[in-house]
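Structure record follows, encoded as structure tokens.
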Amino acid sequence: MSKKILFAASECAPFVKTGGLADVAAALPVQLREMGADIRVVLPLYAKIKAQFGMHMRHECDFNIKLGWRNQYCGVESLVQRGITYYFIDNEYYFGRDYIYGVFNCDEAERFGFFSKAIIEMLPHIGFMPDALHLNDWQTAMAAALMKLHYAKMPYFSRIKTILTIHNLRFQGVFDRGFCDELLSLGGAAFDMHKLEFYGNVNYLKGGIVYADKVTTVSPTYAKEIMTKFYGESLEGVLAERAGDIVGILNGIDTVSYDPFTDEALRRNYCPENMSGKAECKAALQNELDLDVDPSIPVAAIVSRLTGQKGLDLVERVLKEMMNIPIQLVVLGTGESRYENLFRYAQRTYPGRLAARIEYNDALARRIFAGADIFLVPSLFEPCGLTQMIAMRYGTVPIVRETGGLKDTVTPFNRYDNTGCGYSFANYNAHELLYAAETAAKDYQNKPLWNGLISRGMAKDFSWRKAAAEYLEIMKK
């Protein structure tokens, strides 16, 4: 008998995307469906989605949700794509805005408190009774608390189990206590240091961690790291208490979309059996970004949000020394003005050697994955990371810091037994990054060695099949 799953997330590609969660929400349900699960997805009906997809949606139902003293309208629209039914929670007041997440957190607690209640209360109206609610990050985490403290007492909901996936522990949804008492009507007993209370406030993610039946993270190493003080973001104690119910499941990537043999964004396609197209992609990239077109110089790349988490302060610290290596550097992304300005300045300082594109550009990102030789991910912490997996699939050798999913996906090169698929460094240290870059640039000149790194990276299976099987195993238990 197939498992029935409702996958709840605040974003999902292709409808809306601000980060990696949207990619997970797009790919994992499809893989679970292919493995026999009856899975459906629910997300808010943001104005952006309504404008682009609204005319193709079907109205399923509408009802009111009690939110404190308010009775708020809740509409449910649906759309079927790739064999998956997507439900969209419609409320113009909460989601009919020109942004996805509030800049100043003015009423984020209310918006996603409403969404968490809607996830549960829509079920009788749509006639779908899942075995499991798969919740993702703080925006849906309170559904686990609501289920355990309130809805599980009702016969219709009593069988439903909850799974919470933490994609990034740093973002927790911390709000004033009133949102817990007045909006969600959970009562004073829930405001306890072992439950929802967090330094005098309410923590939505903590509520999910405490009350979900199972908690997962997006890589095995990250599951262990977050129980330590350095990575625990002040929740390490709560997580340690639930250690027996926490599982690290490594994310996958969409291997159909990210395939150098079929990717239409590339100058020329290639595959492990015929890599000649990669050299052409490199030359085209160098030409497109006004770099010196030279096949003998390795191109290193960063495709990332430009934030401190991504280890860009390490790059900043040794950028001058890095430019003394025979290497070119390409940077694509947007983020903190400090790093945007750094790379704009560096592009002017090192013409022909460094190219910065301060933008979000998926097609260019794909051309960089294909045209680069080396891919840099020196993160301070990285719950999973997708770009290093995409880079390896495109035959680009990663340099990563040994943290989270980076450690789980990149096996460091061992020149004595000729194994491994990339380079890594352990400490959050700029000169360890520099040494790894110097080593990679030197090894690039040894073509048999370098081709071995490429082939071993391209041979890795980063599809969603293994992760989906692990999620199904959790649900069976």
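Which of the residues belonging to the stretch 55-92 are over 21 Å from L28 (Cα atoms) and either among the small types (G, A, S) or surrounded by 16 or more Cβ atoms within 10 Å (Cβ to Cβ) (or both)?
Across the stretch 55-92, the qualifying residues are M57, E60, I65, L67, G68, Q72, C74, G75, V76, E77, D90, N91.
Specify the residue that is nearest to G452 (Cα to Cα); the eligible residues are those in the stretch 359-380 that are surrounded by fewer than 22 Cβ atoms within 10 Å (Cβ to Cβ) and either touching a Phe, Trp or Tyr at 6+ places or on another chain (Cβ under 7 Å) or of a type in the set (F, W, Y) (or both).
My answer is L380.
Does T403 fit the bill of being surrounded by 24 or more Cβ atoms within 10 Å (Cβ to Cβ) and either modelled with pLDDT under 95 or under 26 Å from the mean Cα position of the chain (by Cα) (or both)?
yes
For the stretch 202-235, how many residues are on the phi < 0 side of the Ramachandran plot and not in a helix (DSSP H, G or I)?
18
Looking at I302, I297, I325 in this structure, which one is modelled with pLDDT of 95 or more and crowded, with 23+ Cβ neighbours inside 10 Å?
Within the list I302, I297, I325, the selection yields I302.
Does any residue in the stretch 439-456 that is modelled with pLDDT of 95 or more come within less than 6 Å, Cβ to Cβ, of a residue that is of a type in the set (G, A, S) six or more places away or on a different chain, and which pairs are these?
Close Cβ pairs satisfying both conditions: I454/G395.
When residues of the stretch 283-298 are filtered for being among the acidic types (D, E), closer than 25 Å to T439 by Cβ and part of a helix (DSSP H, G or I), how many remain?
The qualifying residues number 0.
The values are calculated or read from the model by the stated rules, or taken from the named source; none is laboratory data. Keep in mind it's a predicted model, so treat the numbers as computed, not measured. All Cβ positions, even for glycine, are placed from backbone atoms using ideal geometry, and neighbour counts span all protein chains on display.
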